[in-house]
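Written out below as structure tokens is the structure these notes cover.
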Amino acid sequence: MWYCLMLLSILLLIKLNDQRLFFSITRIGHTDIPSTKKIDVPSENIKTQDVMAFMFRGLVFGYFTSSLLLHWKLIDEFNVPIYLIIGIWLGYTLVKFILEMMIGLLWRSRRLFLEVIVRRGILKTKAAFLLLIFILISMYTPINNEIYWAIAGGIYLVYYIIGYLFFANPYRQLIQTKLILFILYICTLEIGPLWVLFELISQTKL
């Protein structure tokens, strides 16, 4: 219960600091990801509400992943505590950001990668709010089981895939001309880390 209160408190602080960002996060049925590349110039100055939104994503993802793996009996809460999962997520996110910036500098397209990060951040934060709804519903003990979390995970996956299509749409022409590089990007920075995480969890369990 205290964890949910902490997540709701972060949302409240975001609302107090930036109502536009708050409503962008909570309107999960409405896309704030433009269908063209013409978006606001990404600011390189980190704002308080941006940090809180980042924390919100990490804490929600950590709780959801921990609950899912615990109910599927893939981990033990004593061997793999939630803060370890959040730490792995944080490390992965930071490494991914550094790699993307390095690629952007090598390709002389740092602005494009900043734009991609901003757009993807909108999608991930909205998806995190969807997960928060499932977390709050799971407080009702009779439905807090592996079937419930499997359904929640499926809905989240469908939502994220549909959102990713909106996210990638403005770059369709670029993706078509550099399809192999795009596939390598997806496999290396999106799918690959999930496989590594699963292997680490499996080894920890053993």
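The values are calculated or read from the model by the stated rules, or taken from the named source; none is laboratory data. Please read all numbers here as calculations on a predicted model, not as lab measurements. Cβ coordinates were reconstructed from backbone atoms using ideal geometry, including for glycine residues, and neighbour counts include every protein chain displayed.
Just the residues that are over 21 Å from I151 (Cα atoms) and among the aromatic types (F, W, Y), please, taken from region 48-73.
Listed by number, the residues that qualify are F54, F56.
Return the pair list, or none, for Cβ contacts closer than 8 Å from residues in region 141-170 that are within 17 Å of I25 (Cα to Cα) to residues that are outside any helix (DSSP H, G or I) and at pLDDT below 85, at least 6 apart or on different chains.
Short answer, once both residue conditions are applied: Y159/I28; G163/T31; G163/I33; F166/T31; F166/I33; F166/S35; F167/I33.
Which of the following residues is at pLDDT 85 or above and out of contact with any Lys or Arg (no Cβ under 7 Å at 6 or more places or on another chain): L70, L84, L13, L21? Walk me through it before giving the result.
On the way: L70 fails: at pLDDT 85 or above; L84 fails: at pLDDT 85 or above; L21 fails: at pLDDT 85 or above.
None of the other options fit; the residue is L13.
Filter region 96-116 for residues that are assigned to a loop (DSSP other than H, G, I, E, B) and either modelled with pLDDT of 70 or more or among the hydroxyl-bearing types (S, T, Y) (or both) and give the result.
The one that is assigned to a loop (DSSP other than H, G, I, E, B) and either modelled with pLDDT of 70 or more or among the hydroxyl-bearing types (S, T, Y) (or both): S109.
Every residue, every condition in (1) in a helix (DSSP H, G or I); (2) farther than 22 Å from F22 by Cβ; (3) among the polar types (S, T, N, Q); (4) in contact with a Leu (Cβ under 9 Å, 6 or more places away or on another chain), yes or no:
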| position | (1), (2), (3), (4) |
| --- | --- |
| D76 | no, yes, no, yes |
| L84 | yes, yes, no, no |
| L94 | yes, yes, no, no |
| V118 | yes, no, no, no |
| T125 | yes, no, yes, yes |
| L136 | yes, no, no, yes |
| P142 | yes, yes, no, no |
| V158 | yes, yes, no, no |
| I183 | yes, yes, no, no |
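Step by step: first the residues of region 51-80, then only those that are over 20 Å from the mean Cα position of the chain (by Cα) and among the charged types (D, E, K, R), then the one that is nearest to L8 (Cα to Cα). Which residue is that?
So the residue we want is E77.
Give L197, L136, L130 a once-over and let me know the one that is at pLDDT below 70 and within 27 Å of K73 (Cα to Cα). Talk me through it step by step, then tell me what you get.
Working: L136 fails: at pLDDT below 70; L130 fails: at pLDDT below 70.
The unique qualifying residue is L197.
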